[in-house]
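The values are calculated or read from the model by the stated rules, or taken from the named source; none is laboratory data. Just so you know, these numbers come straight off a predicted model, no measurement behind them. Don't worry about glycine lacking a Cβ; one is built from the backbone with ideal geometry, like all the others, and counts go over all protein chains shown. Side chains are part of the model used for accessible areas, which takes the heavy atoms of the whole protein and leaves out ligands, DNA and RNA. Shrake-Rupley method; radii C 1.70, N 1.55, O 1.52, S 1.80 Å.
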Amino acid sequence: MKKICVVGLGYIGLPTSAMFAKTGFEVVGVDINENAVSLLNRGEIHIEELGLGELVKKVVREDRLRAATLPEHADVFIIAVPTPNYPDHTANLEYVKSATESILPFLKKGDVVIVESTIPPRTIDDFVAPIIQAEGWNVGVDIFLAHCPERVLPGRILIELVENTRIVGGINDISAQKAAQVYNSFVTGEIIVTSAVTAEMSKLMENTYRDVNIALANELAKISDKLGINALEVIELANRHPRVNLHQPGPGVGGHCLAVDPYFIIEKAPDESPLIINARRINNSMPEFVIRHVDKIVESGGKIAVFGLTYKGNIDDIRESPAMDVLSLLQERNYNLSIYDPHVKQAQVNFKLSTFDEAIDQADCILILTDHNEFKGLDEVKIHSKMRNPVIFDTKNCTNINSEAIKYYNYGNLYEMSRKVETLV
């Protein structure tokens, strides 16, 4: 195995391509995004990920990584394309289908095909394999097919690609073994070989576990708000138990995994997954919960400084971000909005982004929706002097405020907000 073709140069495909190139493979990355292809061939990147820019620049300069808009002959084909949901939350596998079909003219006997995209259970067996078999290949004998789901955290991708355990699920045992050999080239973590359907389900349950746990924390936040309890203190104390690990509440759940993957399970077994269904409903309700509390702070026509658009801190990814859902709800109301996110580029959104100073100028509230490092220590002097009403509503519980002149709300004291409004009434 000397040459690898990676289809999809997004948040997973591009780091994966760079890592294989660093290991010594000849790698061609394929994407329909001509701008991404052009940038990569100049040694530049179109996404934000710690350390990735430097690595890409190095391997491109050494002629180990290049990009193209069409696949090429290779020994290993890795499919790392998006798998979004349709409006009814069923899986959209069109990108996987197109990617698989695109490599068919370039397959030869003995090639390894690996799908890294997160997919519903039985997608490898019932969807991908038939596409390859329709070309006359005996999958598992002529072409080795496997699923190796990505399991990395944005901001730590280059570290976790190497150190994390990898699950490699083959359509048969020899396919799993062949795919495992590919990752053995640089993975120092354990590589576990299993069936394709088990690998598919394992990945989905990893993210579903977190989604359900966050839903429990969000439900606790709602209950605590009603009963006048500090939800954050409750979580801290409960987690002192050696077998308890409650997650943190927030404005919702976003990203390409947690907000999407549970639906892949629900789609296949809706009657058997009521807990997962309800967790999705709870987490999807959080933007409205945030808005109800914003309405208590800011009068109609007031100015809100929205801090953060991405689904998690210190990245530029706004896919499925609850912050975007909150923003959409705010835009439906009669508020004056100013939006600040130091990690999001203007080209990513269709509304004007502001600087920190512009956002807080004459604002009635700072609404923090993302836990960027830049938001953990804010300029309190500027906040007090420039805001019309120095109030912060921190839905990510990430900001440290020392000034008593700034009113600070998070999920630990939301009930104070409610009592204040009741007193005024």
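Among the trypsin sites (Lys or Arg not before Pro) in region 205-305, those located in a DSSP loop and surrounded by at most 12 other Cβ atoms within 10 Å of their own Cβ are Arg240, Arg243. Couplings for region 313-324, taken from phi via the Karplus curve 6.51 cos²θ - 1.76 cosθ + 1.60 with θ = phi - 60°, read x, 6, 9, 10, 8, 9, 4, 6, 6, x, 4, 5 Hz in order; Gly and Pro are left as x.
A straight chain from Glu299 to Glu101 at 0.36 nm per residue would run longer than the Cα-Cα distance by 65.8 nm. In this calculation the C-beta distance from Glu44 to Glu135 is compared with R0 = 41 Å, giving a FRET efficiency of 0.70.
Take the cross-link list Lys97/Lys312; Lys22/Lys312; Lys222/Lys296 and give me the ones stretching past 19 Å between alpha-carbons. The answer is Lys97/Lys312; Lys22/Lys312. Remark on Ile78: its backbone amide H falls under 5 Å from those of Cys5, Val6, Val7, Ile114, a criterion applied only to residues 5 or more positions apart or on other chains, H modelled at 1.01 Å from N. Each 5 Å bin from zero holds the following percent of Cα-Cα pairs in region 318-360: 5, 19, 30, 31, 14, 1.
Here is the list for region 314-375: chymotrypsin sites (Phe, Trp or Tyr not before Pro) lying in DSSP coil, each with at most 14 other C-beta atoms within 10 angstrom of its C-beta, are Phe351. When both region 191-263 and region 1-56 are represented by their alpha-carbon centers, they are found 32 Å apart. Against the longest alpha carbon principal axis of the chain, how many degrees, from 0 to 90 and to the nearest 10, is the axis of helix 196-227 turned? Helix 196-227 sits at roughly 0 degrees to that axis. Across region 399-407, coupling constants 3J(HN,Hα) worked out from phi with the 6.51/-1.76/1.60 Karplus curve, θ = phi - 60°, read 9, 9, 10, 9, 6, 6, 7, 10, 7 Hz, and Gly and Pro carry x. Taking amide H as placed 1.01 Å from N in the peptide plane, Arg166 has its amide H under 5 Å from the amide H of Glu190, Ile191, Ile192, each at least 5 places away in sequence or on another chain.
Per-residue 3J(HN,Hα) values for region 68-83, derived from phi via the Karplus relation 6.51 cos²θ - 1.76 cosθ + 1.60 with θ = phi - 60°, read 8, 9, 10, x, 9, 4, 7, 9, 9, 10, 10, 9, 9, 10, x, 10 Hz in sequence order (x marks Gly and Pro). By the rule of a C-alpha distance below 14 Å, with chain neighbours fewer than 8 residues away ignored, the aspartates and glutamates paired with Lys108 are Glu72, Asp75, Glu135, Asp142. Placing a pseudo-label 7 Å from each Cα along the Cα-to-Cβ vector at Ile192 and Glu34 gives an inter-label distance of 4.5 nm.
Here the label points at Ser403 and Ile277, each 7 Å from Cα along the C-beta direction, are separated by 5.0 nm in the simple model.
Sorted from greatest to least, the principal axis extents spanned by the alpha carbons of region 57-209 come out as 40, 38, 33 Å. Using every pair of separate Cα atoms, the Kirkwood estimate puts the hydrodynamic radius of the chain at 23.2 angstrom. Extents of region 142-254, largest first, come to 64, 26, 25 Å (Cα atoms, principal axes, whole angstrom).
Just need log10 I(q)/I(0) for region 207-323 at q = 0.15, 0.22 Å⁻¹, Debye formula, equal scatterers on the alpha-carbon atoms, no solvent, rounded to two decimals. The computed values of log10 I(q)/I(0) come out as -0.77, -1.29.
All C-alpha to C-alpha distances of region 251-309, sorted into 10 Å bins beginning at zero, yield P(r) values of 19, 39, 23, 15, 4 percent in whole numbers.
Bridge orientation summary for the chain: considering DSSP beta bridges with both residues in this region, about 5 percent are antiparallel.
With a 1.4 Å probe and every protein chain kept in, tell me what percent of the accessible surface of region 313-425 is carbon plus sulfur. Here carbon and sulfur together make up 45 percent of the probe-accessible area. For region 333-421, the set of GluC sites (Glu not before Pro) satisfying both a DSSP loop assignment and a count of at most 14 other C-beta atoms within 10 Å is given as Glu404.
Its Cα centre serving as origin, the chain has a Cβ charge dipole (Lys and Arg +1, Asp and Glu -1) of approximately 460 debye.
Which of Ala196, Gly155, Thr118 sits closest to the plus end of the dipole of region 78-208, meaning its Cα is farthest towards the positive end, when Lys and Arg get +1 and Asp and Glu get -1 on the C-beta? Farthest along the dipole direction, towards plus: Gly155. Toward the positive end of the charge dipole of region 288-425, with +1 on the Cβ of Lys and Arg and -1 on the Cβ of Asp and Glu, the farthest Cα among Tyr311, Ala323, Val298 is that of Val298. Close amide H contacts of Ser185 (hydrogens built in the peptide plane, cut-off under 5 Å, sequence separation of 5 or more or a different chain): none are found. In this simple spin-label approximation, Arg388 and Asn92 carry label points 7 Å from Cα along the Cα→Cβ vector, and these lie 3.9 nm apart. Assuming charge only on the beta carbon of Lys and Arg (+1) and of Asp and Glu (-1), the dipole of region 205-271 about its Cα centre is about 180 debye to the nearest 20. Cα-based values for region 39-81, radius of gyration first and Dmax second, are 11.4, 31 Å. In region 69-133 the Cα-Cα distances spread across 5 Å bins starting at 0 as 4, 16, 30, 25, 15, 7, 3, 1 percent of all pairs. Cross-link partners of Lys226 among aspartates and glutamates, defined as those whose alpha carbon lies under 20 angstrom from its own and excluding same-chain residues fewer than eight positions apart: Glu236, Glu288, Asp295, Asp394, Glu416, Glu422. Axis of helix 13-23 versus longest Cα principal axis of the chain: the two differ by about 50°, to the nearest ten degrees.
About its Cα centre, region 51-129 has a charge dipole of approximately 320 debye under the convention of +1 per Lys or Arg Cβ and -1 per Asp or Glu Cβ, with nothing else charged. Between Asn334 and Met1, the contour length at 0.36 nm per residue exceeds the Cα-Cα span by 113.9 nm.
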